[in-house]
Amino acid sequence: MGDTNAAEFDRARAAIPGGVNSPVRAYGSVGGTPRFLTAARGAYVTDVEGREYVDLVASWGPAILGHADGRVVRAVVDAAGRGLSFGASTPTETELAELVEQRIGPVERLRLVSTGTEATMSAIRLARGYTGRDVLVKFAGHYHGHSDGLLAEAGSGLATFALPGSAGVPASIAALTLVVPYNDPDALRAVFASHGDRIAAVIMEAAAANMGVVAPDTGFNRAVVDLAHEHGALVISDEVLTGFRVGPAGWWGLEDGTETAYTPDLMTFGKVIGGGMPVAALGGRADIMDRLAPLGPVYQAGTLSGNPVAVAAGIATLGALDSSVYRRLEEASRHISEGVSAALAEAGVPHAVQRAGNLFSFVFGDEVRAGVRDYAGAQSQEAWRYPPFFHAMLDAGVSLPPSVFEAWFVTAAHDEAAIDRVFAALPAAARAAAEA
Ligand code: PMP
């Protein structure tokens, strides 16, 4: 085994395409050598060279309590001791479904899968099976995983690598996806006016966080639901990223009980629901969900779905998410985002902080000083200022998302000591962004 990140990267590239099992990990948009991690605890990750970093990736969201939280690890170890996988029903699957249904009103039934990609893919099949229609509407810059038909103009890795879509997706499948600008109800209205009777569903991120963070305008999610329902289409609200992170009932819960409250027909979850293990889910109205096999004609299945070890991590994580955790996430999020913004301002870097609950990211450049509302806006920024900023932070022991088009994630373990380390690294990083 090589004992440096560079040696590990060389070795990995000879064995694994690009040396990675998910593209953004290759540092394609920031350059340099990815860190190969060997351990993660609390707010910190450790690389193969023994260097420790304050982690603002949090496994892209799941590590909401901090890495290797004792309660979660104990639950996993206990479950593993009783068997790794049964391929049969367990009481704990029902318990996790009940925990979600108690928190999130529109979820009357929940089906567990293993990845967010599976959750959205299955939700779309279900929406098509339920409505008997084929066309799907998605928003530019929203990411819903890598299934065929969802990659057109998607954010996340695709925005990073600036690909138009993906090779290997048949044109006939891509042609069933209509891509509409985000936060533009008139554009959506126009699409419904011309294709309304063919549209099975609109899929949306409840708050976009895969083109950087771009919150929905006030009332936008409500407008999407109203328009879709006027035309007999369903709404799939994708909370894989926001679910249980921005609040106990995700983004839906932040708007519930307000003037902009909205009721999606189906919802998808991932990341936090598995607490770092592979759990994701689709849920929603009982009469729609009950169209899934074995009750209904829409097929969906999984050998490892509801895996007992993974489900134990999810139950322990959701169980630990009390109001004090969300308070700490909010504090850490405010503290760090304001500190970054102050350092950038001090160095003369024009920028804006993009926020959605405790999620945040930054856009760079004079043109975007007022913030961005859609994918075109996110793409118009001075993205080249981010790589030098990222590397200066990394050199100083702070691991940020390796792309300007990703959200920053805090955990409940980001205490004063961790935040102090971030602050210590900021002035030099902000100067690097200024000089880019
Ligand atoms: N939907 C959203 C909103 C996501 O953020 C992601 C992953 N970042 C996915 C779906 C896909 O989830 P997974 O990577 O688990 O397939």
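Relative to one another, the C-alpha centroids of segment 194-219 and segment 270-299 are positioned 20 Å apart.
Considered as an equivalent ellipsoid built on the Cα gyration tensor, segment 79-320 has semi-axes of 28, 19, 18 Å, the largest given first.
Rounded to the nearest 0.05, what FRET efficiency do Tyr299 and Ala171 give with R0 = 22 Å and r taken as the Cβ-Cβ distance? Could you check?
Working: r = 25 Å, r/R0 = 1.13.
So the FRET efficiency works out to roughly 0.30.
Relative contact order of the chain: what whole-number percent is it, with Cα pairs under 8 angstrom and at least 6 residues apart?
Numbers: 915 pairs, mean separation 95.2, N = 436.
Computed value for the chain: 22 percent relative contact order.
For every other residue with a beta carbon closer than 11 angstrom to the beta carbon of Ile173, add +1 if it is Lys or Arg and -1 if Asp or Glu, then tell me the sum.
Numbers: positive: none; negative: Asp134, Asp148.
Local charge sum for Ile173: -2.
Please give the length that would be gained between Ala6 and Thr33 if that part of the chain were fully extended, namely 0.36 nm times their separation in residues minus their C-alpha to C-alpha distance (nm, one decimal). It would help to have the intermediate numbers written out before the result.
Working: separation 27, 0.36 × 27 = 9.72 nm, distance 0.62 nm.
Here the segment from Ala6 to Thr33 would lengthen by 9.1 nm.
As a calculated quantity, the FRET efficiency between Thr218 and Asp420 at R0 = 30 Å, using C-beta atoms, amounts to about 0.25.
Dipole magnitude of segment 79-320 about its Cα centre, charges +1 at Lys/Arg Cβ and -1 at Asp/Glu Cβ only, in debye to the nearest 20? Mind showing how you got there, number by number?
Working: 15 positive and 24 negative charges, 118 e Å.
Once rounded to the nearest 20, the dipole reads 560 debye.
Taking the inverse of the mean reciprocal distance over all distinct Cα pairs, the Kirkwood hydrodynamic radius of segment 241-292 comes to 12.0 Å.
Look at the dipole of the chain built from charges on Cβ: of Ala228, Thr263, Gly132, the Cα furthest out on the positive end belongs to Gly132.
What's the FRET efficiency of Arg198 with Thr94 using the Cβ-Cβ distance as r and R₀ = 51 Å, to the nearest 0.05?
On the way: r = 37 Å, r/R0 = 0.73.
Calculated value: 0.85.
By the helix-only formula, in which each DSSP H run with n ≥ 4 contributes -39500 (n - 2.57) and the sum is divided by residues, the chain has a 222 nm mean residue ellipticity of -11500 deg cm²/dmol.
How large is log10 of I(q)/I(0) for segment 5-58 at q = 0.13, 0.17, 0.26 Å⁻¹ when the intensity is taken from the Debye formula with one equal scatterer per alpha-carbon? At q = 0.13, 0.17, 0.26 Å⁻¹ the computed log10 ratios are -0.32, -0.55, -1.12. Within the shell defined by Cβ-Cβ distances under 12 Å, the residues around Val76 carry a net charge of +1, with Lys and Arg each +1 and Asp and Glu each -1.
Modelled label positions at Val77 and Ala261, each set 7 Å beyond Cα in the direction of Cβ, lie 4.4 nm from each other.
Taking Cα pairs under 8 Å and at least six residues apart, what relative contact order does segment 79-320 come out at, in percent? Could the numbers behind the result be given before it?
On the way: 482 pairs, mean separation 70.7, N = 242.
Averaging sequence separation for qualifying contacts and normalising by length gives 29 percent for segment 79-320.
Translational diffusion of the chain, estimated by Stokes-Einstein from the Kirkwood radius over alpha carbon pairs at 4 °C in a medium of 1.567 mPa s, is 59 µm² per second.
Since every read-out is calculated from the coordinates, none of them should be taken as a lab result. Small disclaimer: the values here were computed from a predicted structure and weren't measured. When we count neighbours, we look across all protein chains shown, and the Cβ atoms used for this are built from the backbone with ideal geometry, even at glycine.
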